[in-house]
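Scroll down for the structure; my scribbles are underneath it.
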Amino acid sequence: MKYLFPILVILTGILLSYALYQALEVAPTDQQQGDVYRIIYYHVPSAWTAFLLFFVNFGASIYYLIKRCEVADILALTTAEVGVVFQTVNLVTGPIWARPVWGIWWTWDLRLTSTLVLWLIYVSYLFLRRFSSSGETPLLAAVLAILGALCVPFVYFSIWFFRTQHPQPVIGGGGSMDPRMLHTLLLNWLAFLCFAFLVCWSRFRLEKLQREVDKAHAMRSLMGDPEEPQGARDDF
Amino acid sequence: MTSNPYLFAAYAATWIIHIAYLSTIMRRYARLKREVDELNRK
């Protein structure tokens with residue numbers, strides 16, 4: 001068990017490297033876009049991973065509201081934070097891809113705007129967790145997370161039901177993709193999922209340890225230790 | 001594969017974001033470890 005995490009880190013590193021090699025060297029070049037289309041191998045898996053993490057956050061938040069389970073609260077915080085990181089990658093790589101293909105960095109179409117709004121909802125969730133010291137914070141955050149998760153299907157299906165600048169989905173949306181490209185895309189998503197799992201694991205352990213330390217400080221304060229630090233956590 | 005500046009920028013930005021986030025986790029973990037050591041000493 002002690003070596004499980006380092007072994008998984010090495011295996012994930014190998015998988016990420018192999019997926020990168022497939023994305024840059026093995027997958028065929030797009031006839032219309034040329035090599036710049038290869039941004040899809042990071043842009044789309046980042047979005048899918050973020051959606052999945054927000055879905056886990058949704059489940060954990062509901063469980064917390066029902067059971068008031070601390071582990072569910074930690075899981076919700078962890079998945080929201082890592083989800084925001086992946087969504088940030090999606091929002092940064094999108095405009096870099098859009099510039100050479102569409103001729104613009106950004107357009108306020110439904111898909112792009114709703115993705116930005118979703119990102120802002122989860123960033124506000126993290127700010128709430130960070131700066132509110134009320135005992136009700138996990139409860140309020142769980143409600144906000146549920147509202148945020150309700151936006152995820154809207155973001156995903158916006159390109160199915162509305163005409164947008166953003167292209168149709170690569171899977172299940174009526175579009176077609178070379179099987180070698182699809183294979184590389186799914187391989188990169190698998191690599192990103194493994195990476196996200198390890199990051200979530202690290203962040204989960206960190207949050208658990210942080211709460212134990214906070215409890216130890218609180219206990220010492222109650223026992224009247226004058227050296228105990230007062231005030232909010234310094235997370236950043 | 002020909003080199004494309006947009007492709008390079010997108011991949012580099014991805015890993016810069018991930019590495020920056022991982023470094024904040026490591027920094028917070030190191031600070032917590034110091035705190036735990038301090039608590040154990042008291």
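Which of the residues that make up the stretch A:48-64 are hydroxyl-bearing (Ser, Thr, Tyr), crowded, with 19+ Cβ neighbours inside 10 Å and farther than 20 Å from A:Asn188 by Cα? Outline the logic, then answer.
The first filter runs over the stretch A:48-64 and keeps only residues hydroxyl-bearing (Ser, Thr, Tyr), leaving A:49, A:61, A:63-64.
Now restrict to residues that are crowded, with 19+ Cβ neighbours inside 10 Å: A:49, A:61, A:64.
Residues satisfying the conditions are A:Ser61, A:Tyr64.
Restricting attention to the stretch A:16-32, which residues are in contact (Cβ under 8 Å) with a residue 24 or more places away in the chain, more than 10 Å from chain B (Cβ to nearest Cβ) and either under 15 Å from B:Trp15 (Cα atoms) or polar (S, T, N, Q) (or both)?
A:Ala19, A:Gln22
Looking at A:Leu193, is it at pLDDT 95 or above and out of contact with any Lys or Arg (no Cβ under 6 Å at 6 or more places or on another chain)?
Taking the combined requirement at face value, the residue satisfies it.
Only one of B:Ala12, B:Ala30 is surrounded by 11 or more Cβ atoms within 10 Å (Cβ to Cβ), part of a helix (DSSP H, G or I) and more than 8 Å from chain A (Cβ to nearest Cβ). Can you tell me which?
B:Ala12
Quick check: anything in the stretch A:147-165 farther than 22 Å from A:Ala50 by Cβ, charged (D, E, K, R) and out of contact with any Gly (no Cβ under 8 Å at 6 or more places or on another chain)?
Looking for residues that are farther than 22 Å from A:Ala50 by Cβ, charged (D, E, K, R) and out of contact with any Gly (no Cβ under 8 Å at 6 or more places or on another chain), one finds at least one in the stretch A:147-165, hence yes.
Please find, within the stretch A:65-89, the residue that is surrounded by the fewest Cβ atoms within 10 Å (Cβ to Cβ) out of those that are closer than 15 Å to A:Cys200 by Cβ and without any contact (Cβ under 8 Å) to a residue 40 or more places away in the chain.
My answer is A:Val71.
Would you be able to tell me the number of residues in the stretch B:33-42 that are surrounded by 11 or more Cβ atoms within 10 Å (Cβ to Cβ) and either within 19 Å of A:Val9 (Cβ to Cβ) or within 9 Å of chain A (Cβ to nearest Cβ) (or both)?
Result for the stretch B:33-42: 4.
Mind listing whichever residues of the stretch A:127-146 are more than 17 Å from A:Gln210 (Cβ to Cβ) and modelled with pLDDT under 90?
A:Ser134, A:Glu136
Might you check whether a residue that is free of Cβ contacts under 8 Å to residues at least 24 places away in the same chain, more than 14 Å from A:Leu144 (Cα to Cα) and hydrophobic (A, V, I, L, M, F, W, C) occurs anywhere in the stretch A:108-115?
yes
Read through the list (1) closer than 15 Å to A:Asp73 by Cα; (2) in a helix (DSSP H, G or I), then give the number of the only condition that A:Val152 fails.
Result: A:Val152 fails condition (1) only.
If you go through the stretch A:47-64 one residue at a time, do you hit one that is assigned to a loop (DSSP other than H, G, I, E, B), over 23 Å from A:Arg205 (Cα atoms) and among the aliphatic types (A, V, I, L, M)? Talk me through it step by step, then tell me what you get.
If we filter the stretch A:47-64 for residues that are assigned to a loop (DSSP other than H, G, I, E, B), which is where we start, we get none.
Looking for residues that are assigned to a loop (DSSP other than H, G, I, E, B), over 23 Å from A:Arg205 (Cα atoms) and among the aliphatic types (A, V, I, L, M), one finds none in the stretch A:47-64, hence no.
The values are calculated or read from the model by the stated rules, or taken from the named source; none is laboratory data. Note that the structure is a prediction, hence the values are computed from the model and not measured. No Cβ is skipped: glycine too gets one built from the backbone with ideal geometry, and neighbour counts run over all protein chains shown.
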